[in-house]
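Quick notes on the structure that follows.
Just so it is clear, none of the values below were taken in a lab; they were calculated from the coordinates. These figures come from a predicted structure and were not determined experimentally. Backbone-built Cβ (ideal geometry, glycine too); neighbour counts: all protein chains shown.
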Amino acid sequence: MFSGIVKEALKEDCAKKDTTTDIIIPEEKKVKASIIVKQKAVVCGIFLVRDVFRTIDKNIKFKSYVKDGDLVKNNSQIISLSGKARSILKTERTALNFLGHLSGVATETRKFVSVVKSYKAKIYDTRKTLPGMRILEKYAVRCGGGCNHRKGLRDMVLIKDNHLSVLKGLRLRDVVKIAKTKRPKKAKIEIEVKNIKEYRDAALACPDIILLDNMTPSEVKRIVKIRKSLNFHHQLEVSGNIDLKNVRSYAAVGVERISVGALTHSASSVDFSLKII
């Protein structure tokens, strides 16, 4: 499924024409190697590492001691390799780049999930992903215990601020009603609101989800109470400037969904290294 992105990554690094390795390493020289994680992290991307090495050399022997989603300790050996030295050296960086980035996303997600674990709120990702990497990054979010929002624009009706700016003059409830008449079968409808007045307007049309954008926890708490008093059944999602310091405050007021762009656009890469034994 991911052979295309693996091949493109290896092509980008000119892995088949490694000038240094080709001129100083004997062609038939074989070695053993280990991949070590150098910090506590949630591992993600094991299958990609395997595919990277075997794309260059199908005879590389690969053994993993962990699986995607596992929490590992600093200095843990997670993978062992054996085979031609040239093959391992040529693919080392590409493999570690995939592993480090995806493990970074999974690790960051696990941090958010852990903070809100005592509440009903689920942590969701967004479409703020690296071009070409979305499916992999969203997989990493799941490995970290998070949930995926829409994978692409066709997955649901999500009416955001710029849609509403184009439709200026229409009430939010009317925009939702238009969406209901034209939506694909079974497609959920979500609409973004910025204040309590907009929330009341949108809620009258009974969308599936209402997105509360850049509101304070106290404002969100008021909306949760309004929803209960009016017996509405839509879900509430909060988004905008959510971080590890304030995410618990939002979860505590009773929302079902918290979307965090930082899971993918700001996660730090996990530090892995490959050592020849």
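Report the one residue of Thr181, Val31, Ile79 whose Cα lies farthest in the direction of the positive end of the charge dipole of the chain (charges on C-beta: Lys and Arg +1, Asp and Glu -1; origin at the Cα centre).
Thr181
How big is the dipole moment of the chain about its Cα centre under a simple scheme where the beta carbon of each Lys and Arg is +1, that of each Asp and Glu is -1, and everything else is neutral? Debye, nearest 20, please. Before the final figure, lay out the partial values.
Numbers: 56 positive and 29 negative charges, 165 e Å.
Charge dipole, the chain, about its Cα centre: 800 debye, nearest 20.
Test of understanding: in a Gaussian network model of the chain with alpha carbons linked when under 10 Å, which of Tyr250, Tyr119, Tyr65 would top the mean-square fluctuation ranking?
It is Tyr65.
At 7 Å along the Cα-to-beta-carbon direction for both Glu256 and Lys16, put a label point, then send me their distance in nm to one decimal.
5.0
Tell me, what is the percent relative contact order of the chain, built from C-alpha pairs under 8 Å that lie six or more residues apart?
Across the chain, relative contact order equals 23 percent.
For the stretch 46-109 and the stretch 1-16, write down the distance between their C-alpha centroids in whole Å.
15
Give the relative contact order (percent, whole number) for the stretch 158-277; include only Cα pairs under 8 Å separated by 6+ residues. Could you put the intermediate results ahead of the total?
Numbers: 146 pairs, mean separation 22.8, N = 120.
With pairs under 8 Å counted, the relative contact order is 19 percent.
Explain nothing, just compute: Karplus ³J(HN,Hα) = 6.51 cos²θ - 1.76 cosθ + 1.60, θ = phi - 60°, for every residue of the stretch 8-21 in order, whole Hz, x for Gly and Pro.
5, 5, 5, 5, 4, 8, 6, 5, 7, 10, 7, 4, 4, 4
How far, in degrees from 0 to 90, does helix 46-56 lean away from the longest principal axis of the Cα atoms of the chain, to the nearest 10?
40
Dipole size in debye (nearest 20) for the stretch 114-265 around its Cα centre, Lys and Arg Cβ +1, Asp and Glu Cβ -1?
For this selection, approximately 440 debye.
Go ahead and set up a Gaussian network model of the chain, Cα springs under 10 Å, then flag whichever of Leu81, Leu102, Leu167 fluctuates most.
Leu167
Given the rule -39500 (n - 2.57) for each run of at least 4 DSSP H residues, summed and divided by the residues of the chain, what is its mean residue ellipticity at 222 nm, to the nearest 500 deg cm²/dmol?
Value at 222 nm, helices only: -12500 deg cm²/dmol.
To the nearest 10 degrees, how steep is helix 217-229 against the longest Cα principal axis of the chain, on a 0 to 90 scale?
60
Based on the mean of other Cβ atoms within 10 Å per residue, sort peptides 45-56, 103-114, 194-205, 266-277 so the most packed one is first.
Highest to lowest by the protection proxy: 103-114, 45-56, 194-205, 266-277.
Taking 25 Å as the cut-off for C-alpha to C-alpha distance, list the pairs among Lys7/Lys90; Lys111/Lys221; Lys40/Lys151; Lys120/Lys188 that go past it.
Beyond 25 Å: Lys40/Lys151.
Using per-residue counts of other Cβ atoms within 10 Å, averaged over each peptide, order 238-244, 67-73 from highest down.
Details: 238-244: 17.0, 67-73: 15.3.
Top of the packing list down: 238-244, 67-73.
Roughly speaking, what is the centre-to-centre gap between the stretch 211-236 and the stretch 183-210 when only Cα atoms are used, to the nearest Å?
12
Most mobile of Asp161, Asp125, Asp213 per a Gaussian network model of the chain (Cα springs, under 10 Å)?
Taking springs between Cα atoms under 10 Å, the residue moving most is Asp161.
Per the chain: cysteines with no other Cys C-beta under 4.7 angstrom?
Here Cys14, Cys147, Cys206 come out as lacking a disulfide-compatible partner, given the Cβ-Cβ threshold of under 4.7 Å.
In whole Hz and in residue order, list the ³J(HN,Hα) couplings for the stretch 177-187 that follow from phi through the Karplus curve 6.51 cos²θ - 1.76 cosθ + 1.60, θ = phi - 60°; x for Gly and Pro.
5, 4, 4, 5, 6, 10, 5, x, 4, 6, 6
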